[in-house]
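Q: Handing you this structure, nothing more for now.
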DNA sequence: ACGAAAACCTAGCACGTGCTAGTCTTTAGG
DNA sequence: CCTAAAGACTAGCACGTGCTAGGTTTTCGT
């Protein structure tokens, strides 16, 4: 029973027709009488037959599949993957996932996707060197999500980190904050724009002298140690903008332990609007990069590049939005001036 | 360039050998001189060739792939998927993922996996009716992770919910708690064992009269409303055992807002040891179902059923462990008797 | 230098399906 | 009743690879 999965032929002989007719029925093509069609599907279900995708795409010379590289450990990947399925399905494509794990690096995962003869690949926050991406993009349409790349390397969808952070700074300034610190992430290139956004926004508000930058990364620990160095200062800023949600959480936690209240004493913002930020427990004001919009744009770019081989790789910038929650409020001096 | 991906034949003509020799080289078989082998790989890399997995598994009549059904929205799935990759790779198998999304139900996803001719499927917390699972298991080895099923339906790996909750209760009793409430989850069958574990553990400790059960589910809101009903009681229990981490978080959050401290006033435990529980912010004592152990067991079961077609479906129960963190401590009366 | 084995290489069929080009049967129009 | 068209169905090749069964060259022991 295990050794042999049924084929079209098995269904055909059971019904008493030719294999080709079964093929027509499964492809929903004309030329099969409705009674025969019914008998075919019935027999197929009895035998547990389903078409062999490998054989089909081999013969068709097109798989109808888009490969997706994602890292399940990265918190925002799930939302994007989910939205990609919907977006691809709407346009008649299927997805095949390539996961990044401790035992599989990007090269392995991409090679596997190519092995499946996907017609294009969508890479979520890839770290593959640019020249390799360029090489890859010569073979098939490639769309990168989230990573800033030089013009024309491949299709690209990313959100405007500069505007995202600027929105956070604007929000805080509007609340009355002036001493606004920033916890940056050094390790990844996509964070350069966010950093830039902080600096220019502070400038724009006439606060260049209040710029205060602290090193951090993607961990809660880094947020906690950022909190330490702020607490050690003579004057604690009234607000802290973080370049990601995890660092923001670590920071808040340390501040609370030090007896400060959020947002009464210090306002904090995150970035990503990850599931963590949405927890009622955390309730973190955060910059949202809409996963539906990113995914739709990525699939659109891939579809365009697949249908028109000569079209230039499409690049699209998504405008992030600030989701205001409970971790931001009026600064403490203001609160003292206008209590409640 | 896009219309035609290179084949073995292209590589062969470029090197000046037969297609079969290229095949030997890529399968790492003997019979290819090392110099030729080198030239073949060089040409392949220049052309961007990688073997066509579809054609290969078609000819081999075995795909070497295990299908994995998972729900990216479910918090514990990521860890399991990651561990599955490692476990499968160690045993010479690859994984192909089938994601559950809003637009794809289990039937769709499983049908797709079958279309890829995976040699077996591992289903993470499937909700497919038992009779359909039984039918499926007749066609190929099926292993379910997490769901309680009647004996013999298919391979099964799950953790002992009864012992898991019992461990939480034991821990609290050891700390001195006697008034221990339980927030249950009604919606899913795998939670029946946990409920049972609570009742029997309370019994065993001679506390059947202290049993206090509150309805809940997988959401933070349900935890919050559970907190409400506890706060409305004349005597608040000193500890609350929750059947999942999300409910525990909602509960804690509401307690804190009501001015209670955790664990000084109330101890709380969760279940799943999800990433959320590990956040320094939350620091939740929780029952851990080791994903590595579950995954390894699942792959082992699948491999056994694949290699020995007649072997009975394997069923394995994993013993969960309690991870003690900061949300549990001595009960308030005890703490008053022995301060610090 | 000879035979044999080892090393290196190739021909041809098969896997399950899609597609083109048909064949055979039924129906419709005069 | 004849013809043509439409409907229902089928024969056979092709897709890219693996495998069996060979073929040819090189190497080695004596």
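Q: Could you tell me which numbered condition residue B:233 fails, if it satisfies all but one of (1) over 24 Å from residue A:251 (Cβ atoms); (2) under 20 Å from the mean Cα position of the chain (by Cα)?
A: (2)
Q: So, residue A:119, is that one in contact with a strand residue (DSSP E or B) (Cβ under 8 Å, 6 or more places away or on another chain) and away from every other protein chain (no Cβ under 13 Å) or not?
A: When the stated conditions are applied, residue A:119 does not pass them.
Q: Can you tell me how many residues within the stretch B:21-53 are closer than 19 Å to residue A:58 by Cα and near DNA strand C (Cβ under 9 Å from one of its atoms)? Let's see the steps before the verdict.
A: Step one: list which residues in the stretch B:21-53 are closer than 19 Å to residue A:58 by Cα, which gives B:23, B:48-53.
Narrowing further to those that are near DNA strand C (Cβ under 9 Å from one of its atoms): B:23.
Of the residues in the stretch B:21-53, 1 are closer than 19 Å to residue A:58 by Cα and near DNA strand C (Cβ under 9 Å from one of its atoms).
Q: Sort out which residues of the stretch A:85-107 are over 13 Å from residue A:126 (Cα atoms), at the interface with chain B (Cβ under 10 Å from one of its Cβ atoms) and touching a strand residue (DSSP E or B) at 6+ places or on another chain (Cβ under 6 Å), and write them in order of number.
A: A:85, A:88, A:94, A:95, A:96, A:97
Q: Counting just the residues of the stretch B:25-44 that are under 22 Å from residue A:116 (Cα atoms) and more than 8 Å from DNA strand D (Cβ to nearest atom), which one comes out surrounded by the fewest Cβ atoms within 10 Å (Cβ to Cβ)?
A: B:28
Q: Somewhere in the stretch A:172-195, is a residue outside the structural domain of residue A:296 (by TED's automatic domain parsing), surrounded by fewer than 24 Cβ atoms within 10 Å (Cβ to Cβ), within 24 Å of residue A:296 (Cβ to Cβ) and in contact with a helix residue (DSSP H, G or I) (Cβ under 6 Å, 6 or more places away or on another chain)?
A: Yes, that holds for at least one residue.
Q: Sticking with this structure for a sec: With the checklist (1) surrounded by fewer than 17 Cβ atoms within 10 Å (Cβ to Cβ); (2) within 13 Å of another protein chain (Cβ to nearest Cβ); (3) over 24 Å from residue B:79 (Cβ atoms) in hand, flag the one item residue B:292 doesn't pass.
A: (3)
Q: Quick one: residue A:242 ticks every box in (1) closer than 23 Å to residue A:290 by Cα; (2) crowded, with 18+ Cβ neighbours inside 10 Å; (3) modelled with pLDDT under 95 bar one, so which box is it?
A: (3)
Q: Any residue at all in the stretch B:57-74 that's facing chain A (nearest Cβ under 9 Å), within 24 Å of residue A:136 (Cβ to Cβ) and within 12 Å of DNA strand D (Cβ to nearest atom)?
A: yes
Q: Please enumerate the residues belonging to the stretch A:236-275 that are at positive phi and in contact with a helix residue (DSSP H, G or I) (Cβ under 7 Å, 6 or more places away or on another chain).
A: The first filter runs over the stretch A:236-275 and keeps only residues at positive phi, leaving A:259, A:272-273.
Hit for the stretch A:236-275 is A:272, nothing else.
Q: On the basis of being facing chain B (nearest Cβ under 9 Å), surrounded by 24 or more Cβ atoms within 10 Å (Cβ to Cβ) and outside any loop (DSSP other than H, G, I, E, B), does residue A:250 make the cut?
A: On the way: facing chain B (nearest Cβ under 9 Å): yes; surrounded by 24 or more Cβ atoms within 10 Å (Cβ to Cβ): yes; outside any loop (DSSP other than H, G, I, E, B): yes.
Here the answer is yes, as residue A:250 does meet what is asked.
Q: Just for the stretch A:122-164: of the residues that are touching a residue at least 60 places away in the same chain (Cβ under 8 Å), more than 20 Å from residue A:77 (Cα to Cα) and in a helix (DSSP H, G or I), which one is nearest to the other protein chains (Cβ to nearest Cβ)?
A: Once the filter is applied, the top-ranked residue is A:137.
Q: Oh, and also: Could you grab me the full set of residues in the stretch B:267-307 that are over 17 Å from residue B:243 (Cβ atoms) and in a loop (DSSP other than H, G, I, E, B)?
A: B:279, B:280, B:281, B:283, B:290
The values are calculated or read from the model by the stated rules, or taken from the named source; none is laboratory data. The model shown is predicted, which means the values in this text are computed figures rather than measured ones. Note that we place each Cβ from the backbone using ideal geometry, even for glycine, and neighbour counts take in every protein chain shown.
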